[in-house]
Amino acid sequence: MTNIEFVKKLQEIATKYKTVYGNGMFGQPITENIIVQKSKQLPNWYTTKRQQELRALIGQGYFGFDCICLIKGVLWGWNGDLNQVNGGAVYNSNGVPDITEYGMLQQCSDVSENFAKIEVGEYLWTDGHCGIYVGEGMAVECTPKWDNCVQITAVANISPKSGYNDRIWKKHGKLPYVEYEKAEQEEKPEYTENVTVKLYQLSKGLLNYNPQVYTLQRLLKGLGHYNMEIDGLYGGGTEKAVIAFQKAKKIAPDGIVGQETWNKLLK
């Protein structure tokens, strides 16, 4: 499966199918049997309330996934067939093991905390959760947060997107089960153009909202240097984070985000 095919399938699941978050599910149609089975496997998660919520979806064409099982389900051949127990997926097939979200990260190559050069179809990871980068600053993930289903969200390490929930991820990498090829229409992340063309230098004192400062804070947070509110304002906390980053990269620690600092951030 190529990264383009992989991403297309994930986007279709997010936009064309009825889905719900179900711990341990990799695309099974919601039925009484699957609810009973999973409740026995994961009794602490499948509370009475959650079982009732899932039972209300029986017969309505819903498929259950969790974050890592969404990815494994697609790689196992899920095709959205309501008449098959696993929606068309074949458990533990195609050389893809049944592993956790962190175990999947350990299988990836080119793992990085820098999101400047992420490619379509790469694996996204943060503590206890995962998703897939689908291009143009967006991800597909299955989460009980927000819409409680497979959904398209913004990758906050790159840029927020109007109308989308966003998440900061810690790492990304290439899955060994996917063949990566260049996406023909993949656009550069928004911040690449913004910082190199529209704004050359940032420094303390920009106390009105500035989208480039917002991006700066996102990048610094993704790299572990910024832990305050991401508000698009260049105050003392942002300056302190910039200086820490500059020291780490052996740049003159002046708190001014000029071309050299941007180059290191986007490397």
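The values are calculated or read from the model by the stated rules, or taken from the named source; none is laboratory data. Here the structure is a predicted model, which is why all the values come from computation and not from measurement. So basically every Cβ, Gly included, is an ideal-geometry build from the backbone, and we count neighbours across all protein chains shown.
I want to confirm something. Restricting to the range 135-144 and keeping residues that are within 12 Å of the chain's Cα centre (by Cα) and touching a residue at least 60 places away in the same chain (Cβ under 8 Å), which single residue is surrounded by the most Cβ atoms within 10 Å (Cβ to Cβ)? If we take residues in the range 135-144 being within 12 Å of the chain's Cα centre (by Cα) and touching a residue at least 60 places away in the same chain (Cβ under 8 Å), then 142 is surrounded by the most Cβ atoms within 10 Å (Cβ to Cβ).
Every residue, every condition in (1) in a loop (DSSP other than H, G, I, E, B); (2) at pLDDT below 95; (3) crowded, with 20+ Cβ neighbours inside 10 Å, yes or no:
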{"site": "133", "(1), (2), (3)": "no, no, yes"}
{"site": "146", "(1), (2), (3)": "yes, yes, no"}
{"site": "158", "(1), (2), (3)": "yes, yes, yes"}
{"site": "162", "(1), (2), (3)": "yes, yes, no"}
{"site": "176", "(1), (2), (3)": "yes, no, no"}
{"site": "185", "(1), (2), (3)": "yes, yes, no"}
{"site": "191", "(1), (2), (3)": "no, yes, yes"}
{"site": "197", "(1), (2), (3)": "no, yes, no"}
{"site": "200", "(1), (2), (3)": "yes, yes, no"}
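Being under 23 Å from the mean Cα position of the chain (by Cα), at negative phi and at pLDDT 85 or above: is that true of residue 226 here?
Taking the combined requirement at face value, the residue satisfies it.
Annotation: of all residues in the range 210-236 being among the small types (Gly, Ala, Ser) and touching a Phe, Trp or Tyr at 6+ places or on another chain (Cβ under 7 Å), the one that is surrounded by the most Cβ atoms within 10 Å (Cβ to Cβ) is 222. The range 1-68 holds helices (runs of 4 or more DSSP H) entirely within its bounds, and those carrying 2 or more residues that are assigned by TED's automatic domain parsing to the domain that holds residue 128, buried (at least 17 other Cβ atoms within 10 Å of the Cβ) and out of contact with any helix residue (DSSP H, G or I) (no Cβ under 6 Å at 6 or more places or on another chain) map to 3-16, 32-41.
Inspect all residues belonging to the range 77-88 and state whether any of them is assigned by TED's automatic domain parsing to the domain that holds residue 132, part of a loop (DSSP other than H, G, I, E, B) and crowded, with 22+ Cβ neighbours inside 10 Å.
Of the residues in the range 77-88, the ones assigned by TED's automatic domain parsing to the domain that holds residue 132 are 77-88.
Now drop any that are not part of a loop (DSSP other than H, G, I, E, B), which leaves 77-88.
In the following step, the residues that additionally are crowded, with 22+ Cβ neighbours inside 10 Å were identified as 78, 87.
The answer is yes, given that some residue of the range 77-88 is assigned by TED's automatic domain parsing to the domain that holds residue 132, part of a loop (DSSP other than H, G, I, E, B) and crowded, with 22+ Cβ neighbours inside 10 Å.
Take residue 106 and decide whether it is of a type outside the set (Gly, Ala, Ser) and in a strand (DSSP E or B). Steps first, answer last, please.
Values: of a type outside the set (Gly, Ala, Ser): yes; in a strand (DSSP E or B): no.
No.
Here residue 242 passes the criteria (1) modelled with pLDDT of 80 or more; (2) of a type in the set (A, V, I, L, M); (3) surrounded by fewer than 18 Cβ atoms within 10 Å (Cβ to Cβ) except the one numbered (3).
What pairs come out if I take residues in the range 68-94 that are closer than 16 Å to residue 37 by Cβ and pair them with residues that are of a type in the set (D, E, K, R) whose C-beta lies under 9 Å away, six or more apart or interchain? Here the result reads 69/98; 87/81; 89/72; 91/72; 91/98, each pair linking the range 68-94 to a residue that is of a type in the set (D, E, K, R).
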